[in-house]
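Undergrad: Here it is, the structure in full.
Just so it is clear, none of the values below were taken in a lab; they were calculated from the coordinates. What you are looking at is a predicted structure, and each value in this text was computed from that prediction instead of being measured. Cβ atoms come from the backbone with ideal geometry, glycine included; neighbour counts cover every protein chain shown.
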Amino acid sequence: MPVLCEGSSAQSCQISDAILDLINQGVGIFAASSNSNCVPALSYVVGCRIHEGRQAITLFVDASEAGCLLENAKSSGRLSAVFSCPSTHQTIQIKGLVLKVSPASTEDFRYIEETVQRFTSDVMGLGFSKDYCVFMNAYDANAIMALTLQPQHIFDQTPGSQAGKLMSGQS
């Protein structure tokens, strides 16, 4: 798969300690992108990896369920992801440029399992069963694709008066 925004001069923003803490406490993640007709596609994300320097994040999706999202991300070069902690409702949205779309590597499955474990722990604390969590986070290991994105804007999407507020990036 090609690198979609190599050498991009677009302004990136760094993932802060607070955002890293939120992502590491156990979040549900969804990604979205739209096609040239502005028709959106949405997919559940089974894992994520914050890269060193915190200026890139890789999202892992099951291609058997995320075909339209993958096509849209490749053709538009843009992606949005929402990270939401079920127990607190704290939610952020990261919008940015797609840097790379590729099959997941063997090493990537460590990040997927860590994401699933943290999310499962948070949701089980709300009274949901482990079976429910296993079902919700099921994926085909042979179909995992990695979408690496360069964050350009980070928004607070936690319900309340600050929802929609730009946290990081250029307005």
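Undergrad: Please list 46-53, 28-35 highest first by mean number of surrounding beta-carbon atoms within 10 Å per residue.
TA: Descending packing order for the listed peptides: 28-35, 46-53.
Undergrad: With the chain treated as a Gaussian network of Cα nodes joined by springs under 10 Å, which of LYS100, LYS130, LYS74 yields the largest mean-square fluctuation?
TA: Greatest mean-square fluctuation among the candidates belongs to LYS130.
Undergrad: May I pose another question? Put a dot 7 Å past each Cα toward the Cβ at ASN37 and LYS165; how far apart are the dots in nm?
TA: 3.9 nm
Undergrad: Then there's this: Which residue fluctuates most in the GNM of the chain (Cα springs below 10 Å): ASN72, ASN137, ASN37?
TA: Maximum among the listed residues: ASN37.
Undergrad: Counting Lys +1, Arg +1, Asp -1, Glu -1, what net charge surrounds GLY164 among other residues with beta carbon under 13 Å of its beta carbon?
TA: +1
Undergrad: Counting Lys and Arg as +1 and Asp and Glu as -1, what is the net charge of the other residues whose Cβ lies under 14 Å from the Cβ of ALA138?
TA: Working: positive: LYS130; negative: ASP62, GLU65, GLU113, ASP131, ASP140.
Here the count lands on -4.
Undergrad: When 1/r is averaged over all different Cα pairs and the result inverted, which Kirkwood radius in Å belongs to the chain? If you can, show how the numbers build up before the last one.
TA: On the way: mean 1/r = 0.0619 Å⁻¹.
When all Cα pairs of the chain are included, the Kirkwood radius is 16.1 Å.
Undergrad: I've got another one for you. Please give the calculated 222 nm ellipticity per residue for the chain, where each DSSP H segment of at least 4 residues contributes -39500 (n - 2.57) and the sum is spread over every residue; nearest 500 deg cm²/dmol?
TA: Using -39500 (n - 2.57) per qualifying helix, the result is -7500 deg cm²/dmol.
Undergrad: With a 10 Å cut-off between alpha carbons and a GNM built on the chain, which of SER43, SER161, SER121 moves the most?
TA: Most flexible of the set in this elastic network: SER161.
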